[in-house]
1. Could you check the range 204-218 and list, in sequence order, the residues that are closer than 16 Å to Pro108 by Cα and not in a loop (DSSP other than H, G, I, E, B)?
2. Please list, ordered by first then second residue, the pairs with beta carbon atoms under 9 Å, 6 or more apart or interchain, first in the range 148-160 and within 13 Å of Leu178 (Cα to Cα) and modelled with pLDDT of 95 or more, second β-branched (Val, Ile, Thr) and assigned to a helix (DSSP H, G or I).
3. Would you tally the residues in the range 1-18 being part of a helix (DSSP H, G or I), open to solvent by 40 Å² or more (accessible area, probe 1.4 Å) and either under 16 Å from Phe215 (Cα atoms) or of a type in the set (S, T, N, Q) (or both)?
4. Restricting attention to the range 52-75, which residues are touching a residue at least 60 places away in the same chain (Cβ under 8 Å) and either out of contact with any helix residue (DSSP H, G or I) (no Cβ under 9 Å at 6 or more places or on another chain) or of a type in the set (Phe, Trp, Tyr) (or both)?
5. On the basis of being free of Cβ contacts under 8 Å to residues at least 24 places away in the same chain, open to solvent by 50 Å² or more (accessible area, probe 1.4 Å) and within 28 Å of Gly190 (Cα to Cα), does Asp137 make the cut?
6. I want to confirm something. Restricting to the range 207-264 and keeping residues that are closer than 22 Å to Arg48 by Cβ, among the hydrophobic types (A, V, I, L, M, F, W, C) and touching a helix residue (DSSP H, G or I) at 6+ places or on another chain (Cβ under 9 Å), which single residue is least open to solvent (accessible area, probe 1.4 Å)?
7. Can you name every residue in the range 1-31 that is over 24 Å from Arg124 (Cβ atoms), at pLDDT 95 or above and in contact with a Pro (Cβ under 8 Å, 6 or more places away or on another chain)?
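The values are calculated or read from the model by the stated rules, or taken from the named source; none is laboratory data. Not measured: the values here are computed from a predicted model. Because the Cβ atoms are built from the backbone with ideal geometry, glycine has one as well, and the counts that use them run over all protein chains shown. Each accessible area value is taken on the protein alone, full model and side chains, heavy atoms only, with ligands, DNA and RNA left out. Shrake-Rupley method; radii C 1.70, N 1.55, O 1.52, S 1.80 Å.
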Amino acid sequence: MTVAAEAGTARRLAELDSSGFTIIEGFLDPAQLARVNACYDAWLGGHRGRNNFEGAHTERIYTLVARDRVFQDIVEDPRILALCDAVLEPNYLLTASQAIVIGPGETPQPWHTDDSFYTIPRPRPMVSLSTIVAVEDFSAGNGGTEVIPGSHRWSDAEVAGYYRQGDSEEDPALAGRLEALAQPVVMPAGSCLVFAGTLLHRGGANGSERTRRAFSNQYCQPWARPQENFFLAIPPARVRTMSAPVQSLLGYSIHPPFMGQVTAYHPRTALEPGWVPPLERDGKTR
């Protein structure tokens, strides 16, 4: 890592610590941004949200990391992994990789944190680190993400009443007090918002006539259960073509001493051509 890169990482870590978020400007180069938009042009038109959290006018594409090589490259971007190296334990995992496209007329999401399903008492160190990459410009009026600076340090009592598990909305009386604290994330296409999984945030309302294209890659501690089950979502033959770091992020790794083992084998063994699970080859079943 160059001196400039180390300085950039140090500054972003300081911002994560103090505010709970940081922005990497120019995160995507022009070629990457063009490729992502081309993919969206070809793929959008499918999965609409099913509730107020997902959004009636919001479209999502899951398992994004496996859909095009550009997303694999982005998942292992050294600027993001340097932050993960600093705030997560070795062998951390990718927990979610999805496109989030907020359409015209969308209402604001409920305030939430990305790691609310991990029930370790707050305030606490990060269990997950989130990124949201702008594929189109983010503004205060087109559904740009809104954050509550400093809320990553709040206690369970201070975040009580907000959206947590997907089965309830936040209390309107409680949500009202956040409006004065909310900060819209205004950034040009190609920028990346990085934030603690404990930070209160939401997708904003889209009062414009255009979409707000984005995608989110999220990373978690190696002992935490990922949101997306990549073992079932991505065929091993496709994982085999990916880089070793991406394979590790998808769970084809061992967290010492043996978390992630496959019948006492390293999970990467399962990617070898012709590999047969021991359960099937040893004959000791009925």
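1. Across the range 204-218, the qualifying residues are Asn206, Arg212, Arg213, Ala214.
2. Ser151/Val159
3. 1
4. Asn52, Phe53, Gly55, His57, Thr58, Tyr62, Phe71
5. no
6. Phe215
7. Passing the criteria: only Glu25.
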